[in-house]
Amino acid sequence: MTITVNDLQNMLQSELDELYKNSQTGIIPDGESKGTVIFAPGTSFSQNVSSIIKFLAWQGKTFYREKGYLLNKITPLNLEFVKAEVYLGKSWLDEGESIILDYSQTSFIAQKIRDEIREVVPNIYLGNAYWEKYRVLNFVLEF
């Protein structure tokens, strides 16, 4: 099965959820990823917002698997900051195993954020971002 970031942006929320639930955890990634926010899934608004966010704010994440953390790539300059612990844990979406990106102990700015990701196709991870326990958006990481 081949799925692209564009395919994911065009899916409805229910389709993204089903894909996530049916995907394996995958291995904890290592290295630099390109990130894409999926806001208002399945609408043209999603791609427009994603482009603006990618240009002005968030470009992705760099994983340091052996050290158990990641740094977000922020601003058009690709500066790396906003650290998260990375570990395997239970998904808040379906209680299955997921890769957890936990900011609660590592970032004052993002301490209420918790992300979880699964590998939906080789080198593409679909993520859910939560503010406290409320899901606020989906995102994609390409390696």
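The values are calculated or read from the model by the stated rules, or taken from the named source; none is laboratory data. Just so you know, these numbers come straight off a predicted model, no measurement behind them. A quick note on method: Cβ atoms are made from the backbone with ideal geometry, for glycine too, and the neighbour counts reach across all protein chains shown.
In this structure, does residue 7 turn out to be assigned to a helix (DSSP H, G or I) and either more than 20 Å from residue 91 (Cα to Cα) or hydrophobic (A, V, I, L, M, F, W, C) (or both)? Taking the combined requirement at face value, the residue satisfies it. Summed over the stretch 28-68, residues that are modelled with pLDDT under 90, exposed (fewer than 15 other Cβ atoms within 10 Å of the Cβ) and over 15 Å from the mean Cα position of the chain (by Cα) total 8. For the stretch 13-54, residues that are in contact with a Pro (Cβ under 6 Å, 6 or more places away or on another chain) and part of a loop (DSSP other than H, G, I, E, B) total 0. Checking each residue in the stretch 94-110 for being at pLDDT 95 or above and among the polar types (S, T, N, Q) picks out 98, 104, 105, 106. For the criterion of being crowded, with 19+ Cβ neighbours inside 10 Å, among the aliphatic types (A, V, I, L, M) and at pLDDT below 95, residue 82 fails.
Restricting 134, 103, 130, 125 to those that are without any contact (Cβ under 8 Å) to a residue 24 or more places away in the chain and surrounded by 12 or more Cβ atoms within 10 Å (Cβ to Cβ) reduces the list to 103.
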